[in-house]
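The values are calculated or read from the model by the stated rules, or taken from the named source; none is laboratory data. All values reported here derive from a predicted model rather than from experimental measurement. Note that each Cβ is placed from the backbone with ideal geometry, even for glycine, and that neighbours are counted across all protein chains shown.
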Amino acid sequence: MASHGHSHGTEEKVIPPAQTGPIWKTFWILLILTAIEFAIAFTLPANGLRVAIYAGMTIVKAFYIVGEFMHLKHEVKTLMWMILLPVVFVAWLLTALIYEGGHLYY
């Protein structure tokens, strides 16, 4: 049988180095934020300040992940607010319920 020089669906795509820059930038930013979170979790004493800093950094990291990997930062502002406002209200609701339930002492 003669080889025709065609491969049938088995070709691998090679990503040019110029397109991997944003991926590495995202990797390093998330790695640094995670390292800071670990440092805070294991060095600061267990109190409300540590919890607040840790939760705030986690939210920042979550927004960065959503913006980068779900491409939300490239969407219109109305769609961003439609997603952001319910998240804020749910976070407020959970905080209020935990506080009223007696599990948060400030």
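Restricting to the stretch 41-50, count the residues that are loosely packed, with under 11 Cβ neighbours inside 10 Å and not aromatic (Phe, Trp, Tyr).
Of the residues in the stretch 41-50, 5 are loosely packed, with under 11 Cβ neighbours inside 10 Å and not aromatic (Phe, Trp, Tyr).
Taking the stretch 51-106 as the search range and keeping residues that are at pLDDT below 80 and of a type in the set (Lys, Arg), which one is surrounded by the most Cβ atoms within 10 Å (Cβ to Cβ)?
Lys73
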